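Asker: A single structure is presented below for examination.
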Amino acid sequence: MVFRPEEQLQIVEREEIDDEEDLFEAIDKLTSHGINAGDVKKLQDAGIYTCNGLMMHTKKNLTGIKGLSEAKVDKICEAAEKIVNFGYITGSDALLKRKSVVHVTTGSQALDELLGGGIETSAITEAFGEFRSGKTQLAHTLCVSTQLPTSMKGGNGKVAYIDTEGTFRPDRILPIAERFGMDAGAVLDNIIYARAYTYEHQYNLLLGLAAKMAEEPFRLLIVDSVIALFRVDFTGRGELAERQQKLAQMLSRLTKIAEEFNVAVYMTNQVIADPGGGVFISDPKKPAGGHVLAHAATIRLMFRKGKGEQRVCKVFDAPNLPENEAISFHFSLTENHVFQITPGGIADVKD
């Protein structure tokens, strides 16, 4: 039997709509609290489609929207605070909120176990490594596995793919869909794709996603790669400070999208030479982007090439791993961390 993901997505929209509404409140609800429809339209034109997203903006940013005065912004924020609770909650409530987090399978059981179940929603997962280390292959596999029902370790949702290096290949999706027993045409229809050419274009594409995610059940956003255009558009030490500031703004937007719409953000990163990597390490490398990118990522994965089509993954940083496990993952390699690239995407290594 061939699984058609669009049929499952329609079921999800009907059955889980109450859960989705608990995650965010539509910006239209402001009208019932005294905000006129014209001002709500101005917020939507600025890429703000939920009250949750509104509360993630500073008043300075909001007054920068054409037609919104300080007085109007104050009134809008007061109305949003009545709809959305952005204050303190108990630890028990926080734990309950964590139950809405979905883990999407990577296609490899060993890699899923390493990640505590798969790529998680409401978080940013960064994968860095040299070229051909498997970062983009994992992105393509996730494009398909995200559309699986949750009973099959999927995310029951659509995928948004922002490509900065021209590496997305729709024909690569076909054998991966076949491996998972899914209808390839329907899988491709549930992926929205955009090619970014400048860092500004990349940021504007993120702004435009809010409208789509407020309307349809998305579960994954891929940015491949996150740093490439910044390294091209900003050159030399003289522009480094500005580059890092713009990068921080874009990463902040990614964090807000992840939390606002409960989507998994998977971003790939490049590596650069690390002169201070140590004399005992041949050809030491470190992820590009510096501390700004390091602090933004929830989970950092380091990929490297193994034998043939085998690839090795190490957890570089993750808040939900005990310290001793994080250290052991960082310094030791076991076969549990090994996966391989197959025609059907990322998979376990067969004995």
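The values are calculated or read from the model by the stated rules, or taken from the named source; none is laboratory data. Bear in mind that the values here come from a model prediction, so they are computed numbers and not experimental data. Cβ coordinates were reconstructed from backbone atoms using ideal geometry, including for glycine residues, and neighbour counts include every protein chain displayed. The accessibility values were calculated without ligands, DNA or RNA, using every heavy atom of the protein model including side chains. Shrake-Rupley method; radii C 1.70, N 1.55, O 1.52, S 1.80 Å.
Asker: Got a number for residues in segment 108-131 being under 23 Å from F180 (Cα atoms), assigned to a loop (DSSP other than H, G, I, E, B) and touching a residue at least 60 places away in the same chain (Cβ under 8 Å)?
Answerer: 4
Asker: Continuing with this model, one more query. I want to confirm something. Restricting to segment 193-229 and keeping residues that are among the aromatic types (F, W, Y) and within 18 Å of the chain's Cα centre (by Cα), which single residue is least open to solvent (accessible area, probe 1.4 Å)?
Answerer: So, considering only residues that are among the aromatic types (F, W, Y) and within 18 Å of the chain's Cα centre (by Cα), the one least open to solvent (accessible area, probe 1.4 Å) is F218.
Asker: Among the residues of segment 142-196, which ones are under 30 Å from S100 (Cβ atoms) and among the charged types (D, E, K, R)?
Answerer: Result: K153, K158, D163, R179, D183, D189.
Asker: Ok, one more. Go through K286, K256, K307 for me and flag whichever is more than 15 Å from Y199 (Cα to Cα) and assigned to a loop (DSSP other than H, G, I, E, B).
Answerer: Of K286, K256, K307, the one residue that is more than 15 Å from Y199 (Cα to Cα) and assigned to a loop (DSSP other than H, G, I, E, B) is K307.
Asker: Let me ask something else about it. Restricting to segment 206-228, what's the tally of residues that are modelled with pLDDT of 95 or more and not basic (K, R)?
Answerer: The total comes to 5.
Asker: Please determine whether any residue of segment 211-234 is more than 21 Å from A264 (Cβ to Cβ) and not in a helix (DSSP H, G or I).
Answerer: Yes: segment 211-234 contains one or more residues that are more than 21 Å from A264 (Cβ to Cβ) and not in a helix (DSSP H, G or I).
Asker: Now a separate question. I'd like the full set of residues that are free of Cβ contacts under 8 Å to residues at least 24 places away in the same chain, open to solvent by 80 Å² or more (accessible area, probe 1.4 Å) and more than 17 Å from E260 (Cα to Cα), limited to segment 48-87. First the steps, then the outcome.
Answerer: Taking segment 48-87 first, the residues free of Cβ contacts under 8 Å to residues at least 24 places away in the same chain are 57-65, 69-71, 73-74, 77-78, 85, 87.
Next, from what is left, pick out any that are open to solvent by 80 Å² or more (accessible area, probe 1.4 Å): 59-61, 70, 78, 85.
Result: K59, K60, N61, E70, E78.
Asker: Is it the case that K256 is at pLDDT below 95, open to solvent by 40 Å² or more (accessible area, probe 1.4 Å), under 14 Å from the mean Cα position of the chain (by Cα) and on the phi < 0 side of the Ramachandran plot?
Answerer: Here the answer is yes, as K256 does meet what is asked.
Asker: Can you name every residue in segment 273-297 that is modelled with pLDDT of 85 or more and surrounded by fewer than 19 Cβ atoms within 10 Å (Cβ to Cβ)?
Answerer: K286, A288, G290, H291, V292, A294, H295
Asker: Step by step: first the residues of segment 164-178, then only those that are touching a helix residue (DSSP H, G or I) at 6+ places or on another chain (Cβ under 8 Å) and open to solvent by 30 Å² or more (accessible area, probe 1.4 Å), then the one that is farthest from Y199 (Cα to Cα). Which residue is that?
Answerer: Once the filter is applied, the top-ranked residue is E178.
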